[in-house]
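Written out below as structure tokens is the structure these notes cover.
The values are calculated or read from the model by the stated rules, or taken from the named source; none is laboratory data. Fair warning: this is a prediction, and the values are worked out from it, not measured in the lab. Don't worry about glycine lacking a Cβ; one is built from the backbone with ideal geometry, like all the others, and counts go over all protein chains shown. Calculation scope for accessible area: heavy atoms of the full protein, side chains included, ligands and nucleic acids excluded. Shrake-Rupley method; radii C 1.70, N 1.55, O 1.52, S 1.80 Å.
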Amino acid sequence: MNSAKSQGTALVTGASSGIGAIYAERLAARGFDLLLVARDKDRLESAATRLREAHGVQVEVLKADLTQKDDVLKLEQRLRSDSSISLLVNNAGVAANGLLANADMEQLEQLIQLNITAVTRLASAAAASFAKAGRGTIINIASVVALFPERFNATYSASKAYVLSLTQSLHTELDGTGVQVQAVLPGVTRTEIWARSGTDASGIPAEMIMEADEMVDAALAGLDQGELITIPSLPEAGEWQAFVAARHVMVPNLSRSSAAQRYKS
Ligand code: NAP
């Protein structure tokens, strides 16, 4: 039974571990019923049992491999048809390591399916459904590597730059619909993602690593403050605003009928 304080249902992808598991817990504590998605059904089921008991919310578990088109289509269809879903956390993602020139292209294609294609399809379905309802929230988990791609795996960084850009455009598209959009840019966060991608995280200084619960709490505080972009560890929000402002300074000159003088002989 829905708890009296139910906020609707939050669909969390990648809810079986790490950041997604913490979102599931925090959203249940906020009174959301949950639809938890990942491949590892056993882990989802045990999280569901715990969350039902702790928070008295409804929790449904859905096993899906979001690199597989059929699974993504089913979830998309659910988002479009289930009007109880009011929040999407587009969180499931994988990292990669190594040089692009030496990459296993099959593995990178799977990364792109999960980090880009599935995120896009689910965001589209949520945007349509939530705009129709005149309410709802879309949270896309990007990464700070969107801002410094020179320091990390090329394809992973590019996938996260895509998520940032998608979120910025989507925010403009949804203006006036009542739908809130947020991109979260975590820095290094202690989860399984490092081991799963075969990345040795042992050399990362402790002062650069945040616990997943602190990261998610900060991201939700940013959401509550109405932020479009939340960078949980950035002490000065003004630095991000200056970065955005610098981009806007260029905008009037980014497309002109003639080339810049320095390119003319
Ligand atoms: P994690 O602990 O490895 O969690 C990844 C989640 O995604 C798991 O629940 C996993 O569940 C799910 N997943 C992986 N492949 C999937 C697939 N094919 N289909 C469906 N679900 C799949 O890593 P995390 O750090 O929490 O990652 C969550 C998000 O945060 C990712 O988008 C990641 O890029 C982003 N992020 C992480 C960090 C960091 O330092 N940890 C920093 C910036 C951004 P199953 O294995 O059960 O499917």
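Are any residues in region 1-26 modelled with pLDDT of 95 or more and closer than 17 Å to residue 82 by Cβ, and if so, which ones? 8, 9, 10, 11, 12, 13, 15, listed by residue number.
Summed over region 98-112, the residues that are of a type in the set (A, V, I, L, M), within 16 Å of the ligand (Cβ to nearest atom) and open to solvent by 90 Å² or more (accessible area, probe 1.4 Å) give a count of 0.
What helices (runs of 4 or more DSSP H) completely inside region 150-265 contain at least 2 residues that are modelled with pLDDT of 95 or more and open to solvent by 80 Å² or more (accessible area, probe 1.4 Å)? Of the helices (runs of 4 or more DSSP H) lying wholly inside region 150-265, those with at least 2 residues that are modelled with pLDDT of 95 or more and open to solvent by 80 Å² or more (accessible area, probe 1.4 Å) span 154-173, 212-224, 237-250. Just to be sure, is residue 115 open to solvent by less than 10 Å² (accessible area, probe 1.4 Å), within 15 Å of residue 197 (Cβ to Cβ) and within 12 Å of the ligand (Cβ to nearest atom)? Answer is yes for this residue. Consider residue 29 carefully, then state whether it is at pLDDT 95 or above and open to solvent by less than 40 Å² (accessible area, probe 1.4 Å). Against the criterion (at pLDDT 95 or above and open to solvent by less than 40 Å² (accessible area, probe 1.4 Å)), residue 29 does not qualify. The set of residues in region 32-59 being surrounded by fewer than 19 Cβ atoms within 10 Å (Cβ to Cβ) and without any contact (Cβ under 8 Å) to a residue 40 or more places away in the chain consists of 39, 40, 41, 42, 43, 45, 46, 49, 50, 52, 53, 54. Of all the residues in region 120-136, those that are closer than 16 Å to residue 85 by Cβ, touching a helix residue (DSSP H, G or I) at 6+ places or on another chain (Cβ under 7 Å) and surrounded by 16 or more Cβ atoms within 10 Å (Cβ to Cβ) number 8.
Suppose the filter is crowded, with 22+ Cβ neighbours inside 10 Å and under 16 Å from the mean Cα position of the chain (by Cα); does residue 88 pass it? Spelling it out, residue 88 is indeed crowded, with 22+ Cβ neighbours inside 10 Å and under 16 Å from the mean Cα position of the chain (by Cα).
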